[in-house]
Each structure stands twice: as structure tokens, then as C-alpha cells.
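The structure appears below as C-alpha cells.
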Amino acid sequence: MKIARFAGPGGIRVGYLDGQTIVPVAAGEGPAGLDAVLDLAMAANADPKLRPGAAGEPVPLGDARLLAPVATPASVRDFYAFEQHVRTARARRGQEMHPDWYELPVFYFSNPHAVVGPGDPVAAPPRSAELDYELEVACVLGAGADEVGLDDADLLVAGFMVMNDWSARDVQRREMQLSMGPVKGKDFATSLGPWLVTTGEFAPRGLRGVPGATMTARVNGVEYSRANLDGLWWSFAEMLAYAAEAAPVRRGDVLGSGTCGTGCILELSLVHGSEKYPYLQPGDEVELEVDGLGVLANPVAASTAAPFSPDPERVRPRLGS
């Protein structure tokens, strides 16, 4: 089942796709909308033939404004799980693969309050001239747990979405030189959508394996990236089990796969040069597509945010005084 959260006649609602129409089943505003998406996904995973009755007239897909299917998730963990992406980035810095990468499915936390949906404009943060997309797949939990084994993932994951982990590469580079980050280089926007596809539909063989799904990225209609989800070194079951090691995971948590091989401008420019793959500019259109999950498109906008400045009146402490 494909579950959409959308704005149309009657306000924001949650429904499921039936061909080229959306059948509305619940209100989609605020926390109740998140619960409605997750409840429907978990019920459909339990009964793949489930088709709830309509709570209103079906809406043509072309007449609905799709929203992020998971708005304000409980948390966003983004992993680093594609070896090709990691290996390419490290090689261009003269580094071998770190052996711990094959032992630890590492991740960072992003900003759950900066989630945007299909069609929403995205602007680079102040001080950045290197806005990048990152082509990923994300899952969302429909139930929480305090201890998670590899076989538990099939019972906890509600479904999957396309994810764009937008990155301000120049800001990120400065922050990570200070041994902190990603911080402002990442937390300004994460796109999710265009809808949530239930685990039973997208990964019917279970999450200890990885389904094959072609992943592509286009900028202004030109293909930049192409990979396959089955290139993941770490399965979603392994990612979830690691996230839950000595820590709770909760309903509404989002786990991103990390960038696929060739799945960002940074990686492409390292291999082919920045002239062929320049960073994004206002007016550009980015489309990320994953077979079975749909197309997630966002325009790039100019930033209107004011840059941070240190307080000029603050008296700084002096070491040794």
C-alpha cells in the first residue's frame, strides 16, 4: 500500500493510492496525521488486502498537493551504509577504508523539525555556496522497542520513502574540521516522500535482506546519479538493531540509508570535476527517484535567512587569567 498525506478539498488528510486517485481515510494535521499514517501502514502490513472505506470523496492524484508523509518524526537518524559512496569520498582524500566501518553501522542525528515534502522549496543556509542533494531511502518505525533483534525489524518498520538529505558542503567542511558535525551543514532541510510504501509491499522478503530498487537523481531533467538499493552494505535490520543498542527506539523514528554510490554532487565532482557537476543554484529542480517508492522533487530557492554573528559586546573569558 502507498500512503499519502496531502492537502486538498477538506484540508490536510491521509489516504492511500488507488491507481491515480487518493482515497482519504483520516485527518492528516499535526501529531494525529502522523499516527494516522503509521496506523494505516501497520494495519496494511498485517493485512495486505486491507482497503479501508473512504472518509470522503476520492481525490485525483493530480489535484492533491502531496506533503511529507511523515511530518515532524520522533527523530531522524541518517546512516552511512553504502560502501561505494564512502570509499570514493575517502579515496579522494587519500584515505583507505577504515576497518571500523565494516563493524559499526554509524549514523548521525538530523533535525526532525526541518522535514519538507514534495514540491517544497529548499534553500542553502547562510554562508553556503555549495548546496548538494543526497539520494537515499528512509524507513519509519510504526512501533517502538527497547531491545531490537535482527528479526524484530519486520514487526517494527511501517514503511519506506525516498529521502533527500540536503547538504551545505562548505559549511559541513568547516564544522567537521572542529570534530563536530554534521551540524548546520545538514540540519536545515530533509525531504521525505512522495508517499510511504508499506514494508510488506516494498520489502516482502524481510529486512535482513535488501530489496533491489534502481535509484536515480536528476537535476533540471539531466540524470546525475544512478545506483541500486541492493548495494547497501548494512541492511535496515542491522541499522535498526545498532540504533537500538543500549538506547530506545520509538514509533515515528526515521532511519535513512545514507547516500548511495554516485548519489550526490560531492562524490560526482570528486570523480568527474566540479565543472561538469556544479553545486546547486536557486532555480534548479532536483528529482530523486527510487523504483517502487516514486519521485521526490524539490526546487532550489534563494536563502533569506540571516547568518549567525558572534555577539560583539560579549566579554570573552581568557585562559590563564
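The values are calculated or read from the model by the stated rules, or taken from the named source; none is laboratory data. This is a predicted model, so every value here is computed, not measured. Positions of Cβ are generated from backbone atoms using ideal geometry, with glycine treated the same way; all protein chains shown enter the neighbour counts. Ligands, DNA and RNA are stripped out before the accessible areas are found, and what is left, the full protein with its side chains, is counted by its heavy atoms. Shrake-Rupley method; radii C 1.70, N 1.55, O 1.52, S 1.80 Å.
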Count of the stretch 225-252 residues which are open to solvent by 10 Å² or more (accessible area, probe 1.4 Å), within 15 Å of residue 106 (Cβ to Cβ) and in a helix (DSSP H, G or I) | 3
Is it the case that residue 26 is small (Gly, Ala, Ser), open to solvent by 20 Å² or more (accessible area, probe 1.4 Å) and in contact with a helix residue (DSSP H, G or I) (Cβ under 6 Å, 6 or more places away or on another chain)?
-> yes
Answer with yes or no whether residue 280 is more than 28 Å from residue 71 (Cα to Cα) and buried (at least 19 other Cβ atoms within 10 Å of the Cβ).
-> no
Would you point out the residue of the stretch 128-184, among those that are outside any strand (DSSP E or B) and of a type in the set (Val, Ile, Thr), that is nearest to residue 266 (Cα to Cα)?
-> 171
Can you name every residue in the stretch 186-207 that is open to solvent by 30 Å² or more (accessible area, probe 1.4 Å) and either within 26 Å of residue 15 (Cβ to Cβ) or among the acidic types (Asp, Glu) (or both)?
-> 187, 195, 200, 201, 204
When restricted to 183, 210, 222, the only residue free of Cβ contacts under 8 Å to residues at least 24 places away in the same chain, touching a helix residue (DSSP H, G or I) at 6+ places or on another chain (Cβ under 8 Å) and either more than 18 Å from residue 255 (Cβ to Cβ) or open to solvent by 30 Å² or more (accessible area, probe 1.4 Å) (or both) is 183
List the pairs whose first member sits in the stretch 300-321 and is among the aliphatic types (A, V, I, L, M), whose second member is open to solvent by 90 Å² or more (accessible area, probe 1.4 Å), and whose Cβ atoms are under 8 Å apart, counting only residues at least 6 apart or on separate chains?
-> 300/281
